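Each remark here refers to the structure printed beneath this line.
The values are calculated or read from the model by the stated rules, or taken from the named source; none is laboratory data. Since we're looking at a predicted model, the values are computed, not measured. Positions of Cβ are generated from backbone atoms using ideal geometry, with glycine treated the same way; all protein chains shown enter the neighbour counts. The area values use the complete protein model at the heavy-atom level, side chains included, leaving out ligands, DNA and RNA. Shrake-Rupley method; radii C 1.70, N 1.55, O 1.52, S 1.80 Å.
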Amino acid sequence: MKKQWWNKKVAYQIYPKSFMDSDADGVGDLKGIIGKLDYLKELGIDIVWLSPIYCSPLADQGYDISDYYNIDPVFGTMEDMDTLLAEAKKRDMHIVMDLVVNHCSDEHEWFKKACEEPDGPYGEFFYIRDYREGDKLPCNWRSYFGGPVWDKLPGHDDKIYLHVFHKKQPDLNWENPKLRQEIYKMINWWLEKGLAGFRIDAIINIKKKLPFADYPVDREDGLSSIDNMLAEAKGIGDFLGEMARETFHKYDAFTVGEVFNEKDDELPLFIGDGGYFSTMFDFAETGINKSPNGWYDQAPVTANQYKEAILKAHKRVEGIGFLSNIIENHDEPRGVSHYIPKEDLSITSKKMLGGLNFLLPGLPFIYQGQEIGMENFASFDSIEDIDDCASKDEYQTALNAGQSVADALKAVGHFTRDNARSPFQWDDGVNAGFTEGTPWLRINPNYKDINLAGQENDAHSIFSFYTELIALRKNPIYSDTLVYGKFDYLFEDVDNLIVYTLTGDKQLCVIANYQSSTLNIKLPFEIKNILLSNVDRSLAGSSLSLAGYELLVVEI
Ligand code: TEU
């Protein structure tokens, strides 16, 4: 694998709407981000990924773009964007934006023109089909947000259009070379402006298996998971390779793919040298126990499942390319609430999870608030309290499956994307220091106990632990080994114990006791020195009695 400029960096995902509000409208904005660049720099962040801030009706919180070339006024202006790029550059930081090109907004000019003239050139930018009331739909795929993927084309009783997400997110027809060229032109326009690259949204959906056909019905709604079609779609590489050649590769851009179901033999094409993307997220953990029936049917993650997922995922790409490691993002529950049993949540266990994931081979991504141990909401009183469009459907799905209102709310309350989208908890003051206005989304009531101000000067806080993690990754003595070292693991058959080594010019070992009870182990090597401990361990020999949720990083 060729070494790349971004390999030794640390990345951070900002969900702009909830990061920092500078103008008291209750919504985070670019000026708020600019004001926090020094905070991120001091934390040790190099690459900042912004979830979408383009013009959007916000039906899917900005993942429904109505103008790819402008900033939505709620987030600020293009001048603010230029300032952010300039200020980041001054700090040797790199801004990455979200590239959402499987679909656009139904308020985008292209879709408006398609509605005016469905058989015209812009009609070909989308999947529009003739349809009469009572006809069978072209396919029975289920939208990611529930319901059929087909809706009436506005203004036409005899036409329908495809949307695999929200109905306000019409799918772009990537089979159309004219559409693809418009996308590439837009990508290059942003890269010319100085963007360091993109996070590539939902990109595996751009290649549909055509002609449209039904798949086995898998729920009472008479529809079929879109995953069934995606498993059979062939040829996405033609699009991804063309896009990479026409754009990313020309600028040595950093790109991280949101890819869910790439096949093993495709890995070199996806993230190998000269691949479609620089890297892709490791979603092995987020996929644990996912059920085709919906969120209500997803069992809690166990330590052994987490262990199997990370070890397998990282062995799978060894020698091929880099993964980008996360414990959470804007679509997932808060990692500490999802991967640690509620009764075991503590500063120690949160540090264990964070360190275990952060030190894996690849590029670590910290999601806003992860560095202070932000958690899920404790509960929701009603589905009306939840904003996320994906959650409404999951709630109804749970009820349709016979779940009680309380159980449906509990399940959706755990997985709702609101958990990760509640405003950053800066301090214990009004609105957690996020806004002087009315926050667009409820602030987690635990902000009095979990906030940055309360942790910045506490050497034992989660925030301080993340600064130590980042400092270790950047320590010139160990960084080559941490970033390029050979990844191996031990004690594969010992329950709830994760031990992996990284071997380069140094030899390092990460040890995690992923349970509340003490665990005694005998390492097959001596420990030279302790590099990091979440329980302030000062002495360590090859025989260890690990405390509950103890994480130990040592040189061996
Ligand atoms: O998500 C793609 C996606 O398919 C999964 O994240 C998941 O199915 C979805 O979040 C519903 O639970 C990306 C973005 O990360 C997500 O925020 C957008 O809603 C989606 O694409 C559409 O752009």
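Can you give me the distance in nm between label points at Asn529 and Ala233, each placed 7 Å from the Cα along the Cα-to-Cβ direction? Roughly 5.1 nm, to one decimal. Can you work out the PRE-style zone for Leu137? Point 7 Å along Cα to Cβ, and I want the residues of the stretch 384-399 with backbone N under 17 Å. Only 390, 393-394, 396-397 pass the distance filter. Past 25 Å, Cα to Cα, is the threshold; run Lys9/Lys89; Lys17/Lys250; Lys89/Lys351; Lys350/Lys506 against it and keep the listed order. Violating the 25 Å limit, Cα to Cα: Lys17/Lys250; Lys89/Lys351; Lys350/Lys506.
Once Rg and the Kirkwood radius are both taken over the C-alpha atoms of the stretch 81-185, their ratio Rg/Rh works out to 1.12.
Each Lys and Arg contributes +1 and each Asp and Glu -1, all at the Cβ; summed about the Cα centre of the stretch 458-556, the dipole is approximately 200 debye. Using all pairs of distinct alpha-carbon atoms, the Kirkwood hydrodynamic radius of the stretch 1-160 works out to 18.3 angstrom. Once the C-beta distance of Asp480 and Glu117 is scaled by a Förster radius of 60 Å, the resulting FRET efficiency is 0.55 to the nearest 0.05.
When the chymotrypsin sites (Phe, Trp or Tyr not before Pro) in the stretch 471-551 are filtered for DSSP coil states and for at most 14 other beta-carbon atoms within 10 Å of their beta-carbon, the remaining sites are Phe525. Across the stretch 197-253, Cα pairs under 8 Å and at least six residues apart give a relative contact order of 40 percent. With the full set of protein chains in place, find how many percent of the accessible area of the chain is carbon and sulfur; take the probe as 1.4 Å. Carbon and sulfur together cover 49 percent of it. Estimated purely from DSSP H runs of n ≥ 4, each contributing -39500 (n - 2.57), the mean residue ellipticity at 222 nm for the chain is -7500 deg cm²/dmol once divided by its residues. Counting only protein heavy atoms and a 1.4 Å probe, the stretch 1-86 has 31 square angstrom of accessible area per residue. Using only side-chain charges placed at the Cβ, +1 for Lys and Arg and -1 for Asp and Glu, the dipole size of the chain relative to its Cα centre rounds to 1540 debye. For the chain, the longest principal axis of the Cα atoms and the long axis of helix 462-474 meet at an angle of about 90 degrees. Note on the stretch 101-254: along the principal axes its Cα atoms extend 50, 34, 23 Å, ordered by decreasing extent. At a probe radius of 1.4 angstrom, the accessible area of the stretch 331-424 per residue rounds to 30 square angstrom.
Let's test the formula: R0 of 30 Å, r as the Cβ-Cβ distance of Lys342 and Asn261. What FRET efficiency results, to the nearest 0.05? The pair Lys342/Asn261 has a calculated efficiency of 0.45. Applying both filters, DSSP loop and at most 11 other Cβ atoms within 10 Å, to the trypsin sites (Lys or Arg not before Pro) of the stretch 216-300 gives Lys234, Lys263.
Cross-link partners for Lys2 among the aspartates and glutamates, with Cα-Cα distance under 14 Å and sequence neighbours closer than 8 places in the same chain left out: Asp252, Asp273, Glu318, Asp480. Given R0 = 30 Å, the distance between the Cβ atoms of Asn289 and Asp449 translates into a calculated FRET efficiency of 0.55.
Report the percentage of all Cα-Cα pairs in the stretch 412-538 whose separation exceeds 20 Å, rounded to a whole percent. Every Cα pair in the stretch 412-538 considered, those over 20 Å come to 62 percent. With contacts taken as Cα pairs under 8 Å and at least 6 residues apart, the stretch 397-460 reaches a relative contact order of 27 percent. Summarising the overall dimensions of the stretch 254-373 from its C-alpha atoms, the Rg and Dmax are 14.6, 46 angstrom.
Suppose the Debye formula is applied to equal point scatterers at every Cα of the chain; what is log10 I(q)/I(0) at q = 0.06, 0.08, 0.12 Å⁻¹? Log-scaled intensity ratios, in q order: -0.29, -0.53, -1.25.
Put Tyr339, Tyr144 in order of accessible area, highest first, and with a 1.4 Å probe you get Tyr144, Tyr339. Projected onto their three principal axes, the Cα atoms of the stretch 260-322 cover extents of 41, 22, 17 Å, largest first. Considering only alpha-carbon pairs that sit under 8 angstrom and 6 or more positions apart, the relative contact order computed for the chain is 13 percent.
Pairwise inverse Cα distances across the stretch 97-145, averaged and inverted, put the Kirkwood hydrodynamic radius at 12.8 Å. In this structure the stretch 114-203 gives 41 Å² per residue of accessible area when probed at 1.4 Å with all protein chains present. Scaling against 2.2 N^0.38 Å puts the C-alpha radius of gyration of the stretch 337-454 at 1.17.
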